[in-house]
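Report on the structure given below.
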Amino acid sequence: MIFEKIALKRLLNQLDQVPFRVQFMGEDVFTVGKGDPVFSTIIHKPIPKKELIHSTSLALGEAYMRRDIEVEGDLFTALNIVLSQIDKFSVNSKALDTILHTSTKEKNQKKEVCSHYDIGNDFYQLWLDETLNYSCGYFKTEKDTLYEAQVNKVQKILKKLQLKKGMTLLDIGCGWGYLLIEAAKKYGIQGLGITLSEEQYKSFKEKIKKENLEDQLEVRCMDYRKLKRSRYQFDRVVSIGMLEHVGRDNYDLFFENVNAVLKAKGIFLLQYISALKENPGDPWIKKYIFPGGVIPSLREILTLCGDYNFYTIDVESLRRHYVKTLLCWYRNFEKVKPQVMAKYTDSFTRMWELYLCACAASFNNGVIDLHQLLLSKEVNNDIPIHRTDYEY
């Protein structure tokens, strides 16, 4: 236990930019940094030194889930401080190979996606807004609610796509269908949504019927790999928050399938969580939240755009909007925590708290970003010359 205590104390003392209090095993109390502590960390049980060396984030994350570590004070504030110095974390790629590098085959990826999105529609309905948008909102003003930000986001995307009545629109990773339903109502498009989640598929199908949009919209449980063989053709393609599940080895395959179904001069809007540089991802997130998930860098995706003759019209970062979105989700989650605890385990609940706050802190510190790319297949001079003309 002495070695574990020394290793953990050495790690914590490196995170000294903002002062915080540490209580170790109910005995040793010390302050990291100078000044009045802004939060307190209580360590009930030592973390094995080997685990800290293999992956600092995985070791700390699992300790928090087990309640071996408690945080007194605002969780986001604590994680924002810790993740501002994530470069001091250890990752042993060889020891974590099965976590960091999973199979990208179709069957395995469906299993990985469903492990997150098929928790249950009732779970997500507890803390998402009425639109059931599970991606970054767009806050036009500081006073915007989460619901308003999600509506803003969808309208912004639809405006960028330059939709017209009768056009065909494909949504790859369509979620619970809000974007396509809005596109059908407002612009009169014909749309198809594809998802790997059985729960999302069932919910979206019910919504289509409820909204009397069977003549305009369809949803299918379908892998993006099947698009090329489908013989579908679309005027517009959109994909929001799905590329992160594709895997680095399959980015080319993803673009190949989009290219196969997008008409000449068609527009493709791609929104995804991005990284400054290519990396295999965070071990704790990959083990517990998004198995197999990989965050692409902006440059590797822009390189692929050129390979498929996709002209880049616009690149926009919405990183700070995602910080606000995640904090809204976290506050909603905290309000319904008793309901979550009644149905799920304590470890599951703490895992989701940690996930939402850690992601907010990661975006806030620039560890990850959120980019929205507007692309044209071949040259398209019909797109407005001024950005404000297609902005919402």
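The values are calculated or read from the model by the stated rules, or taken from the named source; none is laboratory data. A quick note: this is a predicted structure, and the numbers were derived from the prediction, not measured. Positions of Cβ are backbone-derived with ideal geometry, glycine not excepted, and every protein chain shown enters the neighbour counts. All accessible areas refer to the heavy atoms of the entire protein, side chains included, with ligands and DNA or RNA removed. Shrake-Rupley method; radii C 1.70, N 1.55, O 1.52, S 1.80 Å.
Restricting to the stretch 246-272, what's the tally of residues that are open to solvent by 30 Å² or more (accessible area, probe 1.4 Å) and within 20 Å of G177 (Cα to Cα)? Looking only at that region, the number is 0. Of the strands (runs of 3 or more DSSP E) entirely within the stretch 1-116, those holding at least 2 residues that are without any contact (Cβ under 8 Å) to a residue 60 or more places away in the chain, open to solvent by 30 Å² or more (accessible area, probe 1.4 Å) and under 18 Å from Y355 (Cβ atoms) occupy 69-72. Looking only at residues of the stretch 176-191 that are buried (at least 22 other Cβ atoms within 10 Å of the Cβ) and touching a strand residue (DSSP E or B) at 6+ places or on another chain (Cβ under 8 Å), we find that the one that is nearest to E112 (Cα to Cα) is G177.
Scanning the stretch 179-205 for residues that are more than 22 Å from C136 (Cβ to Cβ) and part of a strand (DSSP E or B) returns Q190, L192. Regarding the stretch 337-356, can at least one residue be identified that is in contact with a His (Cβ under 8 Å, 6 or more places away or on another chain), open to solvent by 20 Å² or more (accessible area, probe 1.4 Å) and not in a loop (DSSP other than H, G, I, E, B)? The answer is no; no qualifying residue exists.
Select from the stretch 206-222 the residues that are assigned to a loop (DSSP other than H, G, I, E, B) and not polar (S, T, N, Q) and list them in ascending order. Residues satisfying the conditions are E211, L213, E214, D215, M222.
For the stretch 293-300, indicate whether the set of residues that are open to solvent by 60 Å² or more (accessible area, probe 1.4 Å), outside any loop (DSSP other than H, G, I, E, B) and free of Cβ contacts under 8 Å to residues at least 24 places away in the same chain is non-empty. Checked against the condition, which is being open to solvent by 60 Å² or more (accessible area, probe 1.4 Å), outside any loop (DSSP other than H, G, I, E, B) and free of Cβ contacts under 8 Å to residues at least 24 places away in the same chain, the stretch 293-300 yields at least one hit. Would you confirm, using the coordinates I've provided, whether K265 is at pLDDT 95 or above, assigned to a helix (DSSP H, G or I) and farther than 30 Å from Y147 by Cα? Criteria not met by K265.
Quick check on the stretch 327-337. Is at least one of its residues farther than 20 Å from D129 by Cβ and either aliphatic (A, V, I, L, M) or more than 18 Å from the chain's Cα centre (by Cα) (or both)? The answer is no; no qualifying residue exists.
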